[in-house]
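Worksheet: the structure to be examined is printed underneath.
Every number in this text was worked out from the coordinates using simple rules, so none of it is lab data. Since this is a predicted model, take the numbers as computed values, not measurements. Neighbour counts are summed over all protein chains in view; Cβ atoms, including those assigned to glycine, are modelled from backbone coordinates with ideal geometry.
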Amino acid sequence: MGFHYGYEKRKFDTEWTRLEQEYRAAGMDDRQIAAMKEYDWTWFCSQRAYLNRVQALPGEQCEDESEQSCLFRKFESLSCTWDTGDVDSRRFGWLSSLEDELLYRRLCKLPEDDLELLTLLIVDGYRQADVARLWNCSRSAITQRINKIKIFLKKA
């Protein structure tokens, strides 16, 4: 569910009516109160923008296509499905499902750690930040490692 602007704006206004009275009673002048309200309003707007952009797509498993969310239908081209029937059961079994023979041979030459990184990102669906947390390193270290893999695959 997205950000319900009307509801949240009413809460914001109600809270600020209370805060203005409290701040005046504490001896703050109107300029200081206005500066604090402006800061809170900027934060409110940034939260609204953030929450409207991070809505999770609803589940893909719908019996009828009409039951799917319009959000899912809108971004359907951005999603993919993984056919596990074509992949063998080993951890890096997804390599055998690659159609590009040259890419397959290049990927097979990668060290196991790099293959594990690719597996976590591609097959398991982790984000770079998630992998960095799992491996106790920085996100930039993961990005550098991915860039090295790209360079290796282009050169090989």
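Take the alpha carbon atoms of the range 105-156, find their center, do the same for the range 5-31, and report the distance between the two centers in whole angstrom. Answer, in whole Å: 49.
For the range 31-46, 3J(HN,Hα) computed residue by residue from phi via the Karplus equation (6.51, -1.76, 1.60; θ = phi - 60°) reads 5, 5, 5, 5, 5, 5, 5, 4, 4, 5, 5, 4, 5, 4, 5, 5 Hz, glycine and proline entered as x. Stokes-Einstein diffusion for the range 5-53 at 20 °C, viscosity 1.002 mPa s, with a Kirkwood radius from C-alpha pairs, works out to 185 µm²/s. Counted by Cβ distance under 15 Å from Asn136, the other residues give a net charge of 0, where Lys and Arg count +1 and Asp and Glu count -1. Residue exposure proxy: Val131, Val123, ordered by other Cβ atoms within 10 angstrom of their Cβ from fewest to most, comes out as Val123, Val131. Taken about its Cα centre, the range 5-53 carries a charge dipole of roughly 260 debye when the Cβ of each Lys and Arg holds +1 and the Cβ of each Asp and Glu holds -1. Excluding same-chain neighbours fewer than eight residues apart, the lysines reachable from Lys37 by a Cα-Cα span under 27 Å are Lys9, Lys11.
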